[in-house]
Structure formats: structure tokens, C-alpha cells
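Below is one structure, written out as C-alpha cells; the observations come after it.
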Amino acid sequence: MKQMLLSLACVAALSAYAQKFDGLDLTPQMGWNSWNRFQCDVNEELIRETADAMATNGMKDAGYQYINLDDCWQGRRDAQGFIQPDPARFPSGMKALADYVHSKGLKFGVYSDVGYQTCGSHVASRGHEFQDAQTYAQWGVDYLKYDWCNNAGLKAEGAYTTMRDALHAAGRPVVFSLCEWGQNQPWLWAANIGHSWRTTTDIYPCFDGTLDHTNWQQWGVLRILDAQKPLRTYAGPGHWNDPDMLEVGNGMSANEDRAHFTMWCLLAAPLISGNDLRHMSPETLKTLTDREVLAVDQDALGVPGFVYATNGSVEVWFKPLSGGDWALCLLNRSRDAKKISFDWKHEPVADDFSRRAAHFDTTTYSLRNLWTKQPVGDTSRILEADIPGHDVLLLRLGKM
Ligand code: GLA
């Protein structure tokens, strides 16, 4: 009895420790964020209309949950130091906005930064971390993206731990999304601090390119994808590599959008749409909401895919899925269409990280094209395919 009381006391003491909120984000977070499309052009109508769109256009049913307000929502701090939203853009206040988003069955996120100022030069959280976390909890915030501008030489691990502890002290479960751009290798230290960490600089809607600014760059899809390749073993349920938010619907071609989206699913990446949900083409909506493709991202194993082979401009990616299935993705990085042929029996696909092997020499798998919904035979015959430029062939392999 004495021992039992002792261990109960230990449990109580342990749970009083500051920690991230466990049990959240067991599959990669899905939602929307204002930045990629709207930058600082945000206000409460946009957020309400975006919530309306997500709740009714099929995205909510497909699993999208978070409506996240990025930079530029902030006004000033009041006399007691409590942060206020910009009164011109958010006249009804943040509690009312969170209530509205919740009334649609969705969750609400905000953005801040470790420094005194955000990247967009608005008031940020340095020195007010506990007060801000308390304010977010009062508003009903479910997600915090926490940026790294103006960090003034802070140690990243310490700065993000402070906000984690502040969120924990405030008591409302929050998905904590670290946005430190991979500068201090967050994959090595952030698994107990946040639910995801950005791995690179910002994305822009370009499939294969780099955009130079005076003292920073934005990267296109392929360059970001390449930076993820060494990082797969650091991710898993509740702690994900974040290759940045989606640019689907923001100006790339339909096949580039499809390839971008598919690769983020192969990576088990957070899927935060970044387009205007109120006005999008049927094609964009179709890409964002394909259930079978989303199931690759949201698979319960939570194991990111890997490059099995490279043949010229075509990369062969595999991702182990639960129930013994696999996803296979052939990514054509070039602008020209490519013909491929894949002789399963001679491809010893094995993954030490997940301890899975496909054994195509002894096991036959059925093949389904996830985008076209066509069955394409099985692994007893050589796979022959044409892949258009900047596009993918995505197959699900199921045991027969
Ligand atoms: C940084 C982030 C972006 C966005 C902007 C906002 O660049 O990486 O995702 O949040 O700041 O100013």
C-alpha cells in the first residue's frame, strides 16, 4: 500500500512537469494557413469565410481541421501587457473568431515568434511567453505556429522550450508547430518540444527553382523535397518534419500541384493548404481532398517514405503503410515525359528503419493507381508506364 501511494505520488509529480501536449497530431496535422496566399492581407471575414468553405466543400470531411491565422493579426499590448488583435482587422476579437471556427467543427490556430517582433514586424512573444499562452488559452486557440525572426541570438532549443512550457502551464491542448527553418537541426532536439518543425526556408509556388531575396531565399518544391531525404528517421506519430505549407492552387500547373501534394504525402508531412479556399478550381479541390492519396499521408504507421532508386530524372519512392501495404511513387523531375519499366522480381525493396521488406520475388501485390482509381495489375508482371513532365505515378501495393 505504501509503495502504491509512493508511485501514485510519483505519477502526480511527473504529470506536473512541463511537457508538450501528448496524444495530439498522431497523424500529420491537416488544415489551412493564411500566409502563402494572403501574407499580411488578413482579417476576420477572411477567416470566417475560409472556415465556412472548409466546413462545406469536402475538406473537413476529408480530414482538414485547423484554420490558422499567420502573421499580421497582432495589434498592441494593453496596459497590463496582454496582446490584442489589430482592432481594424479583427473588430470582433479573437475569442469570437475562435468560437466561430469551433462552431463549424474546426480548430483555430494563431502565429507568434520567439523575438520581440515577428517576421512581419508585429508584436511577438519574447518576455511575454506565459502571458501570451494564457491569452491564447482564453481565446480558445488550438494551434500555435512559432517563428524564428529577430531571435537576437537566442538558443533555439531554450526559446522553444519556454513557449512549450508556457502552453503547458496555460492548460489548453495546443499543437505546437516550430518554425525555425531547420537552422539549428530541430529534428535532433524538438520531438519533446513540439509536434512538428520546419526543416527549410519558405516555400514558393514553383516546382523547380530558387527565389533570391537580399538576405534570404525561397525554395521551390523539388529543392525542399531534396532537403527532406536525410531526415525521415526523425519523424513519427506526434513529431513530424515540416517541409512547409502547401502551394497547391497558387499558380503551378495541375500536374505540378499533384506531384507536390503527392510528395508531401509520401513524406508524411503536415498538410496545411495555403490557397484561397473560397475560390478554387475543381481540380485544386480534387487534389487536396483525394481520400486514397490522403490515406498515404495519414497512414497510422507514420513512417516517411524514402528514395529507393534514381533513374535519370525519375525517382522511385517507397513508403511502408500499415497492414503490410506499400505506396510506390515514381516522380518525374524533368519537364519531359519519361517512360519507365520496373521489374519487381529484381527489386529488393527493404527498409531498415521500419524493419519492412517487400519480397517481390515471393509475394505478389495488387497495384492500384491512386489518382486515376484504376487497378493496374499486380507485381507478377513488369510495370511499364509513361510519366508526364513534373508529374507522378502513385500506386498502392496491397497483399493479395
Ligand atoms: C516566416 C515563416 C513563414 C511566415 C512568415 C510570416 O517567413 O517561415 O511561413 O510565417 O514568416 O511573416
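The values are calculated or read from the model by the stated rules, or taken from the named source; none is laboratory data. The shown structure was predicted, so the numbers you read here are calculated from the model rather than taken from an experiment. Counting neighbours? That spans all protein chains shown, and the Cβs are built from the backbone with ideal geometry, glycine included. These accessible areas exclude ligands, DNA and RNA; they are computed on the full protein's heavy atoms, side chains included. Shrake-Rupley method; radii C 1.70, N 1.55, O 1.52, S 1.80 Å.
Below are the figures for this structure:
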item	result
Value of Rg/Rh across segment 205-288 [Cα atoms, Kirkwood radius]	0.98
Reachable lysines from K286, criterion Cα separation under 25 angstrom, eight or more residues apart if same chain	K60, K104, K107, K319, K338, K373
Trypsin sites (Lys or Arg not before Pro) restricted to segment 111-155 and DSSP loop, no more than 15 other C-beta within 10 Å	K155
Under-5 Å amide H pairs with W371, H placed in peptide plane, nonlocal only	L394
Gaussian network model of the chain, Cα within-10 Å springs - most flexible of P375, P243, P320	P375
Reference-scaled alpha-carbon Rg (2.2 N^0.38 Å with N residues) for the chain	1.03
Centroid-to-centroid separation of segment 120-141 and segment 204-264 [C-alpha atoms, Å]	28 Å
Percent accessible area from carbon and sulfur atoms, segment 306-399, protein chains only, probe 1.4 Å	48 percent
Charge dipole magnitude, Cβ of K and R +1, D and E -1 - the chain, Cα centre, debye nearest 20	780 debye
Additional length obtainable on full extension of the chain from Q84 to A254, 0.36 nm per residue less Cα span	57.2 nm
Approximate spin-label separation R278-N311, in nm, with each point projected 7 Å along Cα-to-Cβ	4.8 nm
Partner aspartates and glutamates for K339 [C-alpha distance under 13 Å; skip if fewer than 8 residues away on the same chain]	E315, E384, D386, D391
Table column - 3J(HN,Hα) (Hz), segment 222-235, Karplus curve with 6.51, -1.76, 1.60, x for Gly and Pro	5, 5, 5, 4, 4, 6, 7, 4, x, 9, 4, 6, 8, 9
Sequence-distant residues sharing a close amide H with M30 (under 5 Å, placed H)	Q65, Y66, L271
Pair Q183, I382: separation of 7 Å Cα→Cβ label points (nm)	5.1 nm
Over the chain: helical MRE at 222 nm, DSSP H runs n ≥ 4 each giving -39500 (n - 2.57), nearest 500	-8000 deg cm²/dmol
FRET efficiency estimate (nearest 0.05) - Cβ-Cβ, A152 to D99, R0 25 angstrom	0.10
Share, in percent, of DSSP beta bridges within the chain that are antiparallel, nearest 5	60 percent
Solvent-free Debye scattering, log10 I(q)/I(0), computed from the Cα coordinates of segment 293-400 at q = 0.15 Å⁻¹	-0.60
In degrees, nearest ten, helix 129-139 long axis to first principal axis of the chain (Cα)	80 degrees
Hypothetical label at D343: residues of segment 370-387 whose amide nitrogen lies under 17 Å (7 Å Cα-Cβ projection)	379-385
Gained length - S334 relative to S366, 0.36 nm times residue gap less alpha-carbon distance	8.7 nm
Gain in span if fully extended, M400 to W216, counting 0.36 nm per residue against the direct Cα distance	61.2 nm
Radius 11 Å from Cβ of F261, net charge of other residues (Lys, Arg +1; Asp, Glu -1)	-3
Hz values of 3J(HN,Hα) by residue in segment 281-293 - Karplus curve (6.51, -1.76, 1.60), Gly and Pro given as x	6, x, 5, 4, 4, 4, 4, 5, 10, 5, 4, 6, 6
Apportionment of accessible area to carbon and sulfur, segment 83-129, percent (1.4 Å)	49 percent
